Amino acid sequence: MKRRDFLQALGVGAAIPAIGVAAQAAPQKLRVLALSPKKFSSQFLRGITQNQNLEVQFVDAGSTTTSAARALADTLESKTFDVLVSLGDGFADVLRPILEQHALPAICNEFGANIPQHLETSPFIISNSLKLWQSEWALGGFVASQRKTNIGRGNTAVIVCTFREAGYDLPYAFRSGFESAGGTILETIVSEDWAAVLEQIKTLKPAHLHIIASDGANLEMLRSAQVPISASALTKLSATTAFSSFGEDAVLQLGQESAALLEQAASSDSLNFLKALRNAKIQTARGVLEFKRNQNQNALYLEKNGVRRVLESVSEMHPRLNDLRSGLRSGFTNTYMV
């Protein structure tokens, strides 16, 4: 099948010059380019290769979006693939022009630690996120609404964040969610000296404490502040948590979801492969996964005392979210947790 016919069938027309695509008589196995930081490659590939009908080649994306784009462009100069499966925050934006140039469909997986600055979509990209920032927002709103019912304790909170997480949008998202529900954040403390943090908490006297720390050891000592605690989905601490990912290994899960999406899409003919990806609806460990505007629309969950409930996610057009997009934040550009 000619590339121009393929693009026209997708509705993207002849605006992109024809360069050529694989003929319809393609190999039986889908040729998959797996692009992720080397740190995540083992578990990510383990998840992807659960689909045995894939021929997978791994390429190290490095630690930034820039290095990922360079790695993809260099690889596609000499080799041809049927689909890209990537892992890394912010990859969709930087990979978009390369994918469109080569007419290469892609599943771009991400942790979702940063609020996207652009809402643009591409017909070639399916975005699958763990929605970490949405979870923080939803948890902030839930906590503030619960604080209102606790007469005499006030509706205040302190955020404790490690250096590693401070450069992402997680503390900003929790703060915005909390304040949008009528609460007040007294302070965001960025530190890993828990003894000093504990003294600050005792001085500030918040009604609630929220912790964002993926690698924090000895966090349990903060319980001596005797303040109700919530924690990010990444934090290894028994506390009220919001998340969209079940299980301890999120990287493995994203690989498994990509494999399931490819299995469903590959059952269609080559002309409808990308359309099948966009219309995919699969059952996963985090519930039903489907896509709208090429982004996954699965629910966010709250877990408290072993009980789970669905939380309402933030609207993409929320005024506070628009303010965050345009405001100045610390803004790490490396893919999350590298």
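May I ask for the net charge around Gly47, where only other residues with Cβ less than 12 Å from the Cβ of Gly47 are counted and Lys, Arg are +1 while Asp, Glu are -1? The partial results should precede the final answer.
Details: positive: Arg46; negative: Asp249, Glu257.
My count for the surroundings of Gly47 gives -1.
Going from the residue with the fewest nearby Cβ atoms within 10 Å to the one with the most, Thr121, Thr162 rank Thr121, Thr162.
As a proxy for reagent exposure, Ile282, Ile159 were ordered by neighbouring Cβ count within 10 angstrom, fewest first; the result is Ile282, Ile159.
Partners of Lys79 within straight-line reach, counting lysines whose Cα lies under 26 Å from its Cα and excluding those fewer than 8 residues away in the same chain: Lys2, Lys29, Lys38, Lys39, Lys275. Taking other C-beta atoms within 10 angstrom as a stand-in for reagent exposure, Ser313, Ser135 fall in the order Ser313, Ser135, fewest first. For Ala69, neighbours were defined as the other residues whose beta-carbon sits under 14 Å from its Cβ, and their charges (Lys and Arg +1, Asp and Glu -1) total -4. Every Cα-Cα pair in region 136-208 was counted, and those over 18 Å apart are 38% of them.
Between Gln297 and Ala196, what is 0.36 nm times their sequence separation minus the Cα-Cα distance? Round to one decimal in nm. Working shown, then result.
On the way: separation 101, 0.36 × 101 = 36.36 nm, distance 4.03 nm.
Here the answer is 32.3 nm.
Equivalent ellipsoid of region 170-297: semi-axes from √(5λ) of the C-alpha gyration tensor, largest first, are 41, 16, 10 Å. For region 93-146, the fraction of alpha-carbon pairs lying more than 16 Å apart is 52 percent, rounded to a whole number.
Rule-based calculations on the coordinates, nothing more; no lab input. The structure displayed is predicted, hence computed values, not measured ones. Glycine gets a Cβ as well: all are built from the backbone with ideal geometry, and neighbour counts include every protein chain shown.
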